[in-house]
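Report on the structure given below.
The values are calculated or read from the model by the stated rules, or taken from the named source; none is laboratory data. No experiment lies behind these values; they were computed from the predicted model shown. Positions of Cβ are backbone-derived with ideal geometry, glycine not excepted, and every protein chain shown enters the neighbour counts.
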Amino acid sequence: MPEQEGVNLRALSDLCTPWCVRVAATLRIADHIAAGIAEIDDLAAAAGCDSDSLRRVLGHLVGKGVFQETAPGRFALNEAAQGLLDPSQRLDLDLEGIGGRFAYAWGSLLTYVRTGAPAYHELFGLPFWEDLDAQPEIAASFDALIGPAGHGIPDPEFQISGGWESVRTVVDVGGGTGAMLAEILRARPKIHGTLVDLPRTVARSGETFRAAGVAEWVTTVGQSFFDPLPAGADLYLLRGVLNDWPDREATAILSRCAEAARPTGRVVVLKGVAPDDAPRSLSIETVLLGGKHRTVAEFRELAREAGLEVSAAERQPSGYFVVECRPT
Ligand SMILES: C[S@@+](CC[C@H](N)C(=O)[O-])C[C@H]1O[C@@H](n2cnc3c(N)ncnc32)[C@H](O)[C@@H]1O
């Protein structure tokens, strides 16, 4: 078949540019230029790298529209390069932090496709979460990327059947450093929130809750969500969590939520479930963890095994596809 018009396979499969962007971000080249350093030898000295190699990287990027070469060997920021000054971009791109784990993990895609199982451990010696346990700085950069510094302040606007009026307690299961829970509590005073995540992650949540002015309405619990969860809350939120896990583990997390929510609570899933006619997608959590985004039909099956019945599933004006479940 001829290439579809407008689709350039060479450009699509180029690896040079993505790596050059990441190397420039890791070496903080944009910051050095913003600080007034322009000559390639001075930039290389400031970044602690080889001048000729850096010049080739920057030359390539200039050809792609990132940075300007204002005179031979003199570089300046343009609009695209200014993006590298953004701390959230840096969290994503820094090869020495979680950005490096994400970038290299794509190298395991062929094994993932051949076997259907993640091969992250072949690159880093341990499966993803265990690797983070063993590498505190990488784990910290992962938490930062997931939190407000990386992914920004999450939107707490989603509707639930019957409205929020009857909800007094929310448990955010795998809620990271608390950004979403903080926004929910800020938007809906009177609710008490419980943040459940790994101990190292909840330990980083204090500033988020203080900054949102909701610290006194929050309890934090550092534990695994594969262990029994705080029981009896009105709403258990799973946002961007189930898509990190294969079916067996996703079902186990749902089971813990069902047990804790029984008899009158509900489980709400945001992100990770899509309408039945949505195209199959591939995302970083697939290569990292064998996680996947699921259709409603696939999710319904896992929920049923976990003792939950899907009571609502719809795209809302906020853009969230919201799935609600009740314990059976
Ligand atoms: C993709 S993040 C989602 C965070 C947050 N819900 C959000 O929407 O931004 C997945 C979260 O699961 C947490 N996690 C991973 N394994 C866990 C476990 N066994 N028990 C509790 N939390 C876990 C991670 O620390 C991380 O915060």
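Got a number for residues in segment 176-211 being within 21 Å of the chain's Cα centre (by Cα) and either within 22 Å of Trp245 (Cβ to Cβ) or within 15 Å of the ligand (Cβ to nearest atom) (or both)? Walk me through it before giving the result.
As a first pass, look at segment 176-211 and keep what is within 21 Å of the chain's Cα centre (by Cα): 176-184, 194-209.
After this cut, where a residue has to be either within 22 Å of Trp245 (Cβ to Cβ) or within 15 Å of the ligand (Cβ to nearest atom) (or both) as well, the list is 176-184, 194-205, 208-209.
Qualifying residue count for the region: 23.
Being more than 20 Å from Leu93 (Cβ to Cβ) and out of contact with any strand residue (DSSP E or B) (no Cβ under 8 Å at 6 or more places or on another chain) narrows it down to one residue among Ala71, Ala47; which is it?
Ala71
Looking at Pro279, Pro327, Pro263, can you tell me which residue is more than 26 Å from Ser224 (Cα to Cα), out of contact with any Pro (no Cβ under 6 Å at 6 or more places or on another chain) and not charged (D, E, K, R)?
Within the list Pro279, Pro327, Pro263, the selection yields Pro279.
Please work out if Gly65 is within 30 Å of Ser283 (Cβ to Cβ) and in a helix (DSSP H, G or I).
On the way: within 30 Å of Ser283 (Cβ to Cβ): yes; in a helix (DSSP H, G or I): no.
In short, no.
Okay, residues lined up against (1) out of contact with any Asp or Glu (no Cβ under 6 Å at 6 or more places or on another chain); (2) modelled with pLDDT of 95 or more; (3) in a loop (DSSP other than H, G, I, E, B); (4) crowded, with 16+ Cβ neighbours inside 10 Å:
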| position | (1), (2), (3), (4) |
| --- | --- |
| Val171 | yes, yes, no, yes |
| Gly175 | no, yes, yes, yes |
| Glu183 | yes, yes, no, yes |
| Lys190 | yes, no, yes, no |
| Thr219 | yes, yes, no, no |
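Condition first: more than 27 Å from Pro127 (Cα to Cα) and either surrounded by fewer than 20 Cβ atoms within 10 Å (Cβ to Cβ) or touching a strand residue (DSSP E or B) at 6+ places or on another chain (Cβ under 9 Å) (or both). Can you find one or more residues in segment 238-253 that meet it?
Checking segment 238-253: not a single residue is more than 27 Å from Pro127 (Cα to Cα) and either surrounded by fewer than 20 Cβ atoms within 10 Å (Cβ to Cβ) or touching a strand residue (DSSP E or B) at 6+ places or on another chain (Cβ under 9 Å) (or both).
Would you be able to tell me the number of residues in segment 3-34 that are within 26 Å of the chain's Cα centre (by Cα) and among the small types (Gly, Ala, Ser)?
Residues flagged as within 26 Å of the chain's Cα centre (by Cα) and among the small types (Gly, Ala, Ser) within segment 3-34 amount to 4.
Restricting segment 216-250 to residues that are in contact with a helix residue (DSSP H, G or I) (Cβ under 8 Å, 6 or more places away or on another chain), among the acidic types (Asp, Glu) and touching a residue at least 40 places away in the same chain (Cβ under 8 Å), which is farthest from the ligand (Cβ to nearest atom)?
The residue in question is Asp247.
Looking at segment 120-143, which of its residues are of a type in the set (Gly, Ala, Ser) and either more than 21 Å from Thr208 (Cβ to Cβ) or within 11 Å of the ligand (Cβ to nearest atom) (or both)?
Filtering segment 120-143 down to residues of a type in the set (Gly, Ala, Ser) leaves 125, 134, 139-141.
Passing the criteria: Gly125, Ala134, Ala139.
If I go through segment 56-91 residue by residue, how many of them are surrounded by fewer than 19 Cβ atoms within 10 Å (Cβ to Cβ) and on the phi < 0 side of the Ramachandran plot? Step through it out loud before you land on a result.
As a first pass, look at segment 56-91 and keep what is surrounded by fewer than 19 Cβ atoms within 10 Å (Cβ to Cβ): 56, 59-60, 62-65, 68-74, 76, 78-80, 82-83, 85-89.
From what's left, on the phi < 0 side of the Ramachandran plot: 56, 59-60, 62-64, 68-72, 74, 76, 78-80, 82-83, 85-89.
Adding up the residues that qualify gives 23.
Which of the residues that make up segment 162-175 are of a type in the set (A, V, I, L, M) and farther than 23 Å from Trp245 by Cα?
Passing the criteria: only Val167.
Find the residue count for segment 1-55, including only residues that are assigned to a helix (DSSP H, G or I) and either on the phi > 0 side of the Ramachandran plot or of a type in the set (Val, Ile, Thr) (or both).
Going residue by residue through segment 1-55, those that are assigned to a helix (DSSP H, G or I) are 9-13, 16-26, 29-34, 40-47, 51-55.
After this cut, where a residue has to be either on the phi > 0 side of the Ramachandran plot or of a type in the set (Val, Ile, Thr) (or both) as well, the list is 17, 21, 23, 26, 29, 33, 40.
Total meeting the criteria: 7.
Can you name every residue in segment 93-129 that is out of contact with any Leu (no Cβ under 7 Å at 6 or more places or on another chain), more than 25 Å from Ala45 (Cβ to Cβ), of a type outside the set (A, V, I, L, M, F, W, C) and part of a helix (DSSP H, G or I)?
Arg101, Thr111, Tyr112, Arg114, Thr115, His121, Glu122
Filter segment 251-297 down to the residues that are among the polar types (S, T, N, Q) and more than 12 Å from the ligand (Cβ to nearest atom), then identify the one that is farthest from the chain's Cα centre (by Cα). Quick ask: steps written out before the conclusion?
First, the residues of segment 251-297 that are among the polar types (S, T, N, Q): 251, 255, 264, 281, 283, 286, 295.
From what is left, the residues that are more than 12 Å from the ligand (Cβ to nearest atom) are 251, 255, 264, 281, 286, 295.
On the way: Thr251: 21, Ser255: 23, Thr264: 31, Ser281: 15, Thr286: 12, Thr295: 20 Å.
Per the criteria, the residue is Thr264.
Scan segment 69-92 and tell me whether some residue there is under 26 Å from Pro148 (Cβ atoms) and assigned to a loop (DSSP other than H, G, I, E, B). Reasoning before the result, please.
Filtering segment 69-92 for residues under 26 Å from Pro148 (Cβ atoms) gives 77, 79-92.
Next, from what is left, pick out any that are assigned to a loop (DSSP other than H, G, I, E, B): 77, 86.
Yes, that holds for at least one residue.
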